[in-house]
Amino acid sequence: MGQEAEHDKISKVSIALSTAGSNDEADRIAHALVERKLAACVNMVAGVRSVYRWKDQLEEAEEVILVIKTTEDQLAALEEALKALHSYELPEFIVLAASGGSDSYLQWIRSSVR
């Protein structure tokens, strides 16, 4: 098996972004995702002001950003869990591919996610 074929079998690391309406909700979601091994780590960044359009109305809210480290293989399960855990009717779920990083850190993410 060539090195390229072997590399393709390694689960790719992804970063998922979401928001929560409070520190308590962010904490509850983060703990659940890590406990269920859907995420290796969730960073919670509080104090974010969001301006957005919802149901044709301009809204503004204080939110907490969730930066979720996971693998591509777990994205569907992560999205479903986020929907079930979240208070929002339509929780944010945006995925970024990790195009690089420390090999040992990326491997830690892979080994921490089921």
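Points to keep in mind about this one:
- Test: residue in segment 51-64 that is polar (S, T, N, Q) and either open to solvent by less than 90 Å² (accessible area, probe 1.4 Å) or in contact with a helix residue (DSSP H, G or I) (Cβ under 6 Å, 6 or more places away or on another chain) (or both): no
- Within segment 84-98, being among the small types (Gly, Ala, Ser) and part of a loop (DSSP other than H, G, I, E, B) holds for SER87, ALA98.
- You will find that of ALA46, ALA81, ALA39, ALA30, the residue that is in a loop (DSSP other than H, G, I, E, B), at pLDDT 95 or above and closer than 18 Å to ALA20 by Cβ is ALA39 and no other.
- Residues (surrounded by 14 or more Cβ atoms within 10 Å (Cβ to Cβ) and either within 12 Å of the chain's Cα centre (by Cα) or on the phi > 0 side of the Ramachandran plot (or both)) located in segment 73-97: GLN74, LEU75, ALA77, LEU78, GLU79, ALA81, LEU82, PRO91, GLU92, PHE93, VAL95
- Among (1) at pLDDT 95 or above; (2) open to solvent by 60 Å² or more (accessible area, probe 1.4 Å), the one test that ARG114 misses: (1)
- For segment 16-27, the tally of residues that are within 13 Å of the chain's Cα centre (by Cα) and either touching a residue at least 60 places away in the same chain (Cβ under 8 Å) or in a strand (DSSP E or B) (or both) stands at 5.
- Qualifying residue in segment 99-109 (condition: open to solvent by less than 60 Å² (accessible area, probe 1.4 Å), closer than 28 Å to ARG49 by Cβ and either in contact with a strand residue (DSSP E or B) (Cβ under 9 Å, 6 or more places away or on another chain) or not in a helix (DSSP H, G or I) (or both)): no
- So ALA61, is it at negative phi and part of a helix (DSSP H, G or I): no
The values are calculated or read from the model by the stated rules, or taken from the named source; none is laboratory data. On a predicted model such as this, the values are computed, not experimentally measured, just so you know. Quick reminder, even Gly has a Cβ in these numbers, built from the backbone with ideal geometry, and neighbours come from all protein chains shown. Side chains are part of the model used for accessible areas, which takes the heavy atoms of the whole protein and leaves out ligands, DNA and RNA. Shrake-Rupley method; radii C 1.70, N 1.55, O 1.52, S 1.80 Å.
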